[in-house]
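Written out below as structure tokens is the structure these notes cover.
Quick note: the coordinates plus some simple rules give every number you see, no bench work behind them. Predicted model, so just to flag it, every value in this text is computed and none were measured. FYI the Cβ positions are ideal-geometry reconstructions off the backbone, even for glycines, and counts take in every protein chain you see.
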Ligand SMILES: [Zn+2]
Ligand SMILES: [Zn+2]
């Protein structure tokens with residue numbers, strides 16, 4: 001089976017719930033707290049750390065699975081085909097965000113978030129920014145937003 005970030009996040013959530021349960025149980029104990037409950041509290045701390053590690057693993061897995069858009073020119077991730085490049089600096093004409101390289105002249109490195117199917121049935125995967133341009137140019141195309149798992 002394929003392990004998805006959602007699987008790891010689910011386990012992390014269960015570890016968090018277990019942490020909370022152990023702490024709640026310790027809090028119900030009579031005072032002064034019996035010594036073994038100190039051990040239980042340490043266990044809760046370790047469970048909480050385990051949950052953090054699982055969250056980190058999920059984030060790393062997302063990063064690993066992200067496919068770059070790869071279209072041969074760059075775009076503004078928010079505004080699309082609004083970039084101009086001059087002397088190695090690229091600027092978005094809308095938000096005025098700048099990049100200190102010729103973003104326009106390089107393949108797009110933004111994560112793929114859309115599947116676009118044109119009228120002939122050809123499927124292209126692209127990022128948010130490229131979808132803006134494609135929406136304007138591709139009459140009759142179908143736009144499908146991809147979920148977190150890239151499916
Ligand atoms: Zn912009
Ligand atoms: Zn792109």
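A few notes on this one:
- Full extension of the chain between residue 141 and residue 38 yields a length gain of 30.9 nm, computed as 0.36 nm times the residue separation minus the alpha carbon distance.
- Note on the chain: Kirkwood hydrodynamic radius from all Cα pairs is 19.1 Å, rounded to one decimal.
- Taking the alpha carbon gyration tensor of segment 83-145, multiplying each eigenvalue by 5 and rooting it gives semi-axes of 26, 11, 10 Å, largest first.
- Normalised by the number of residues in segment 83-145, the mean separation of alpha-carbon contacts (under 8 Å, six or more apart) gives a relative contact order of 24 percent.
- Shown is the FRET efficiency for residue 53 and residue 17, computed with R0 = 22 Å from the Cβ-Cβ distance and rounded to the nearest 0.05: 0.85.
- Helix 128-137 axis, angle to the chain major axis (alpha carbon atoms, nearest 10°): 30 degrees
- Taking the C-alpha atoms only, the angle from helix 35-65 to the longest principal axis of the chain is near 10 degrees.
- Hull volume in cubic angstrom per residue (convex hull over the Cα atoms of segment 5-65): 49 Å³
- Extension gain for residue 94 to residue 28 (0.36 nm times residue separation, less C-alpha to C-alpha distance): 18.0 nm.
- The chain: angle of helix 5-28 to the longest principal axis, Cα-based, in degrees nearest 10: 30 degrees
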